[in-house]
1. Among the residues of the stretch 311-329 satisfying the criterion of being over 22 Å from the mean Cα position of the chain (by Cα) and closer than 30 Å to Val216 by Cβ, which is surrounded by the most Cβ atoms within 10 Å (Cβ to Cβ)?
2. Could you check how many residues of the stretch 164-186 are under 20 Å from Asn198 (Cα atoms) and out of contact with any Leu (no Cβ under 8 Å at 6 or more places or on another chain)?
3. Just wondering, is there one or more residues in the stretch 76-97 that are surrounded by 12 or more Cβ atoms within 10 Å (Cβ to Cβ), among the hydroxyl-bearing types (Ser, Thr, Tyr) and within 16 Å of the ligand (Cβ to nearest atom)?
4. Might you let me know whether the stretch 18-29 holds any residue that is among the basic types (Lys, Arg) and either open to solvent by less than 50 Å² (accessible area, probe 1.4 Å) or more than 26 Å from the chain's Cα centre (by Cα) (or both)?
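The values are calculated or read from the model by the stated rules, or taken from the named source; none is laboratory data. Just so you know, these numbers come straight off a predicted model, no measurement behind them. Note that each Cβ is placed from the backbone with ideal geometry, even for glycine, and that neighbours are counted across all protein chains shown. Remember, those area values only see protein heavy atoms, side chains included, never the ligands or the DNA or RNA. Shrake-Rupley method; radii C 1.70, N 1.55, O 1.52, S 1.80 Å.
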Amino acid sequence: MNCKISRRAASLSPSLTLAIDSKAKQMKADGLDVVGFGAGEPDFDTPQHIKDAAAKALAAGFTKYTPAAGIPELRQAIADKHKRENNLSYKPSQIIVSCGGKHSCFNVIFATCEEGDEVIIPAPYWLSYPEMVKMASAKPVIVETTDKTEFKITPTQLRAVITPRTRLLILNTPSNPTGSVYTSDEVRAIGDICVEKNVLIMSDEIYEHLLYDGAVTKSVASFSPAHFEHTVIVHGFAKAWSMTGWRLGWCAAPEPIAKAIDAIQSHSTSNPTSFAQKGGVAALTGSQDHLKIWLAEFNKRRTFAWTRLNSIPGLSCVNPKGAFYLFPNISKTGLKSTAFCARLLEAEKVAAVPGIAFGADDYIRLSYATSMANLEKGLERIERFCKEVAK
Ligand SMILES: *Cc1c(COP(=O)(O)O)cnc(C)c1O
């Protein structure tokens, strides 16, 4: 037997979110009445016209290899989306379709980072970013933020951590796990510094369409040609079209980076699934009517859960203007996030994700991609739990 693990693999932390999730699923399977707030995906079905397009492609035998970077029709549809919605002019050759937004992040980091490079990651962060950076032999530089700045990094904080070795800044707005949204001015200020210091930005815009209370987002690429040249956009179909299981995402990048990603992909996954790509074309070119309905529903839940959370003694939560997560501060309960979530699951059968998974131990993440009935029941239980802890 020779089970020596590479240094690269051994340096990874196993996913805490998955550990909680599997425990909750096991409890459910054992017949226990578990309320799950762990979901990282919308609870809506993929719109029918998208499923129909993929089914039709499958039936017609569209089942072979495609170009590694995706079918021309989809790369064009993505370029058109960026023109239409973001006023960004990408050529189809600058668009690389991948097996999900996560895969796109991985490709971008692998195409641009190497040993000795530093990657600035504001915390709370999406938990895969630092692990991907480590896999690329680069160094994550974590910049902590708190609810006092709505979890947004300030220009002063950013300037303080940029060094000659800084290669990349990872920006994710609207954010997973906090739901925070940078204003246009805030995005521009961050972008200005990166342009000045010649730092590339990986802008994860997967929650672009999930906004509330009149919040707006503007891609950092859109402020000037220099911003455009310093940005790689990561995006995908998972959230706004509820296609998590399809494994389909993309990046939009300056030409040399797009070429490098195409090469990496052609020697690793090859193309994303052929008929899923036809679903992607339908998603971008077809009706977007589903989104209004989903946003109304998400917003109803968000408003209810946010108000309810802030009424619970010991908890406080900033108003998240995007995505489908709440990120309450639990520090007044005296518990750190892992203990809080383990005891909450044990005592009240409510599954939440400890903030430490996202680099923020005084918080927990609750997803409201679940029914109002679940939210009402689960928040009742969280209140009872907090009162018990305070005794
Ligand atoms: C969901 C998500 C993604 C992409 O997910 P895929 O399923 O791989 O498309 C990327 N970034 C963030 C922050 C996400 O929450």
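1. Looking at the filtered set, the residue picked out is Leu315.
2. Result for the stretch 164-186: 8.
3. no
4. Within the stretch 18-29, one or more residues are among the basic types (Lys, Arg) and either open to solvent by less than 50 Å² (accessible area, probe 1.4 Å) or more than 26 Å from the chain's Cα centre (by Cα) (or both).
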